Each structure stands twice: as structure tokens, then as C-alpha cells.
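The values are calculated or read from the model by the stated rules, or taken from the named source; none is laboratory data. Just so it is clear, the structure is predicted and the values come from calculations on it, not from any experiment. Note that we place each Cβ from the backbone using ideal geometry, even for glycine, and neighbour counts take in every protein chain shown. We work out accessible area using only protein heavy atoms, side chains counted, and drop any ligands, DNA or RNA first. Shrake-Rupley method; radii C 1.70, N 1.55, O 1.52, S 1.80 Å.
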Amino acid sequence: MKTNQNVYIYTPTCMMHPIHSSLTIQQTKMASTSLNFPSPQLHVPSPRSPPMTSTRRHIVRPISATTTQPPPSPTKPPTKLPVRKIPGDYGLPIIGPIKDRLDYFYNQGKDEFFKSRIQKYQSTVFKTNMPPGPLISSDPNVVALLDGKSFPALFDVSKVEKRDLFTGTYMPSTKLTGGYRILSYLDPSEPMHAKLKQLLFSLLKSRRENIIPEFHTSYTKLFDTVESELASKGKASFGDANDQAAFNFLAKALYGVNPAETKLGSDGPNLITIWVFFQLGPILTVGLPKFIEEIFLHTFSIPPFLIKSGYKRLYEFFHESSGSILDEAEKMGISREEACHNLLFATCFNSFGGMKIFFPSVLKWVGQSGVQLHEKLATEIRSAIRSNGGEVTMAAMEQMPLMKSVVYESLRIDPPVPFQYGKAKRDFTVESHDAVFEVKQGDMLFGYQPFATKDPVIFERPEEFLPGRFLGEEGERLLRHVLWSNGPETESPTLGNKQCAGKDFVVMVSRLLVVEIFRRYDSFEVEVGSSVNLTALKKATF
């Protein structure tokens, strides 16, 4: 089965899984991507600060966090917001959801779908339907939260339930995951949630020393491939090379196995892409005629048996490669089979899927920012590496404040996890910037993250990529509004929440990508269309 290059655009993943046990939280600087401890919470007094562009002189001050609550700012007391009924409606049964689905996918597109309703209702909180609707989803009705103030209500598991909501208002067949409800679909109140999350913490913690060297090996090979293709064709696709490099990196770093030396060979990325497509088809468009997509993607689920043999190959690879961590699972009271299906999902759906989406995005934004930014990044990165014995280390990356800001800005402007869902456990209120809304028990809450992280009330020039936005004290305060991980960047994943267990790991490997680029090149140029292509590479000269 052939799938579109952009199959993962709507993937609701947390990208990567854990690196450490959140049962042993210790305070470190927030900006550090520690392989041993969760990042501490950052308490900030203000949601707004002026942006810093790549053309301004950067303050080379490490992004860091205070571990105590600062004194309140001398600001005006908050204005009491009016209580407002949630505007909007769901339309007639079946007809309303299908109409909204057609608007979302074809008549308007997702961004215009939300913008038009914000204008219509004069509110960033309103009622609507989310795809897929009939017949795949039994209840497509949601309350949309489309600003940076209301969106975090989706993180509070004391108010919202996350059971079976990973992909939205529908849940793919468990036949696609070995018959198990995988960790991503479990609510923290369920007993297996803590066990499975702890298992993934253990995996990453046990393999932490392999991350940096294996990343360097895999992405050195990627750039060798890209250079060869660029020399012969005049441009090179980053996506295909990145898919193979990402899977090889994850397999070697987390399991100590080179896929090329197994029966799986180089087939992993393609098998994963098709398997994920079977799960996310109901919320995708792939460029087929509308009536075909409506029938075969949005009205009926693709039969799981069609991918059974491909999934079996992936499962066998992970079962053969995960002996020690499966032993650990048994000690924790998890069957080897259930543990293996969860390891496969965490590695292939969350981790590989995240790198597939986010790495081309980083390349796009940095590439389009131009030579001036590239020169600053190359100088900063190489200087820090030299001052740390010529090696890329965690300490060296802490001395790269501009590089860290670039990664945070990429996560803000183009978050790889666009959707969040939660079902209200009880009645409570949600605040936008303009009003207070009463949510009722059982309401499905939905958040579209790109609107929350480009909220103009919080971020100045929100649609622009500002590489230095998160530099200095004012930039640091904005980090609590970077929300890609199913939680604020200034908070940490725990066994009791649904924040991405590998939040720090995701940030670290994204930083490693930028570091590898500017260790090797002074600058580069990109062509952005349906995919990201490299059109020029200037090798390092200093």
C-alpha cells in the first residue's frame, strides 16, 4: 500500500518516550536535557515578553530556571472576566458532523475551519464537531479550546480523563496493537498506566550513554547520503534519508541492534508508515479524490488484517531485540507480550513518528532563516564543543543558548503534536482571555495546539520564526507557553500525568540535529514544498 509523504502531519503523538524515572525528581536547570532527572518546574510571573529576532544582538545568557516562586510583579489586579455560555452548535445528527468534516478537510482546510468559527462566535472557545464523525466516531461533538490560556485545561488530569483519547474522538482497533490498549490510550487512573510508563522510563535510563554517539553515527551517514544525492541531482530530499536514519538511531541507541543486520533489513520505516496510516487514516487526507477519501478513510476504518503481516515483522524485531527490558517488565508484573507491543508503539509511533515530523520542520525553519543565523549557530556550537574537549556532551550543549532557543522556537511555531483531547470528569470552568465558560461533566474538550502556541496575546509576532525568542530572562518566562509535550515546557512528566514521558529526550535529540548540522556545515539552503529538500550545503570552513 502506497502512502503519501505527509502521512504524519496530523499525528497526535508525544514523540519520544522516557529517559528517566520521575520517581526521583531532582532540581536541575530547566533548559538542560538531563538523561538522569526530570526537568524542574519554572514559576514565572508574566505571560508576555518582547520577541528577539535573529538580526538583533543576542544576550548569551543560559536559559535557566529558578526553583522558587519569585515575588509577584507590580501589575494591575486581574479584571474579573464575564461568564459566558459556550457559543456554537453541533448541527443536526449525522448531517452536522459530516458538514463540519467536509469543511475541515476540503472546503476550508483545518486552519481556516478554526479561524472562521473564532470570527463567527467572537470567541476562542466554542462548540464544533471534529473528524472523523459518522460512522467511525460515535460522538464527534467537542468544545474547542483555541488560545494559550484555555488550552492548558487539557493537561489537568484531576479535571479531564484521557482514556482512549490519544487519536481523538475515535480509537483505532486494538488488533493493530496486538490486542492491547497501549499506554498512550490509558488514563493515569488505570493501574497499568504507571507500570508501563515506568517501564519506558527504565528503558531510556538504561540506554542513556548510547544516545549521543549513536545519533552522531546515524546522522553522519544521513548527511553523507544527502551530499551524494545533492551532487548528482542538484537537490536532495531530507525526508527519506531522515526516516532511515531515525529508525536506525532508535534501534541502535535503545536496543543495541542494527536493523540492517536482522531480518527486518531496511524495511522498518516503510512498514511503520503504513501501520500508522491504518490508525490515523480517519483524520488524514492523502490527495485522493474527495469521494474516495470520504468513503474509504473517513467513513469506514481500513481493515486491520491488511497490515497483519507487516506488523508481525515489526513485532518479531522488537521481541528479538528487547530481551533485557522484557525481563525487567516481568519483574514489574507486565507480561512480555504486552510489554513488547508497548515498546514497539513507543519506538515506532511516538518516537520515529515524532522525528519524521519534527526534524524536517527544524530544517525548514532554520534553513529559511538565512546565513546570518547560520553563522551565529556555527560559531556558538563549534566554540562550545572546543571548550569541552572537542566532544558533543550535555555540558557542551548547555553552553549553546541560541541553539536551544532555536529548538524551542521550532517547537512553538510548528508543534509536532497538534491535537489534544480530554473528557471532563466533572463540572468546572475554563477561562479564555476574554471570558469564563462552564464545562459540564462528560463534555469532550479539544485543543488545536498551533493556535495556542501562536496566541497573539502571549507571543508578539506569533506567526514569525524568531530564533532568539527564548533568550534571556524575558524569553525564559515564555517557556511555560511552549506546550508540545501535553504539558508546559517548564513542567515534568510523572507517572501520574499524561505529559510526554520523553519530553527532555525529544528536546535533546532535536538539539543534537542542529548541532550535527553546524558541526558539518557553515550554512545550507532548503526548498520547501510538499517535502523539504536541501538545495545547497556549504561545508565548515572554521
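Details
- Residue-normalised accessible area of the chain, expressed per residue, 1.4 Å probe, Å²: 40
- About the Cα centre, charge dipole magnitude for region 138-260 (Lys/Arg +1, Asp/Glu -1 at Cβ), debye: 320
- Partners of Lys159 within straight-line reach, counting aspartates and glutamates whose Cα lies under 15 Å from its Cα and excluding those fewer than 8 residues away in the same chain: Asp187, Asp427, Glu431, Glu438, Asp443.
- Full extension of the chain between Tyr90 and Phe291 yields a length gain of 70.1 nm, computed as 0.36 nm times the residue separation minus the alpha carbon distance.
- Taking region 486-527 and a reference point 7 angstrom along Cα→Cβ of Met332, the backbone N atoms nearer than 19 Å belong to 492-506.
- Separation in nanometres of the label points that stand 7 Å from Cα toward Cβ, at Asp240 and Ser206: 3.7
- Dipole check for region 388-542: with +1 at the C-beta of Lys and Arg, -1 at the C-beta of Asp and Glu, and the Cα centre as origin, the magnitude is about 460 Debye.
- Note on region 126-239: Cα-Cα pairs beyond 23 Å make up 59% of the total pair count.
- Among [x] 24, 60, 17, 0; [y] 21, 53, 26, 1; [z] 22, 58, 20, 0, the entry derived from the coordinates for P(r) over Cα pairs in 20 Å bins from 0, in percent: [z]
- Note, ³J(HN,Hα) from phi for region 154-159, Karplus 6.51, -1.76, 1.60, rounded to Hz, x at Gly and Pro: 6, 8, 7, 6, 7, 10
- Computed [θ] at 222 nm, helices only, for the chain once each DSSP H run of length n ≥ 4 contributes -39500 (n - 2.57): -12000 deg cm²/dmol
- Each Lys and Arg Cβ is given +1 and each Asp and Glu Cβ -1; about its Cα centre, the chain then shows a dipole of about 560 debye.
- Note: relative contact order over the chain, using C-alpha pairs below 8 Å and six or more positions apart, is 30 percent.
- Dipole of the chain, positive direction: furthest Cα of Ser523, Ile413, Phe126, with charges on the beta-carbon: Phe126
- Violating pairs (Cα-Cα greater than 25 angstrom) within the set Lys404/Lys538; Lys252/Lys454; Lys205/Lys539; Lys290/Lys423; Lys110/Lys312; Lys80/Lys503: Lys252/Lys454; Lys205/Lys539; Lys290/Lys423; Lys110/Lys312; Lys80/Lys503
- Paramagnetic label reach from Lys263 (point 7 Å along Cα→Cβ; backbone nitrogen cut-off under 18 Å): within region 304-322, residues 307-322.
- Spatially proximal lysines relative to Lys85 (Cα-Cα < 18 Å; intrachain offsets below 8 disregarded): Lys120, Lys127, Lys149, Lys440
- Distance (nanometres) between label positions extended 7 Å along Cα→Cβ at Lys538 and Glu464: 2.3
- Spatial separation of Cα centroids for region 220-286 and region 407-441, in angstrom: 33
- Label-reachable residues, region 429-471, where backbone N falls under 17 Å from a point 7 Å from Gln108's Cα toward its Cβ: 446-452
- Cross-link partners of Lys308 among lysines, defined as those whose alpha carbon lies under 19 angstrom from its own and excluding same-chain residues fewer than eight positions apart: Lys2, Lys175, Lys263.
- With Cα atoms defining each centre, region 181-212 and region 329-390 are spaced 18 Å apart in the structure.
- Carbon + sulfur, % of accessible area of the chain - ligands and nucleic acids excluded, 1.4 Å: 53
- Charge context of Ala260, other residues only, Cβ under 13 angstrom, K/R +1, D/E -1: +1
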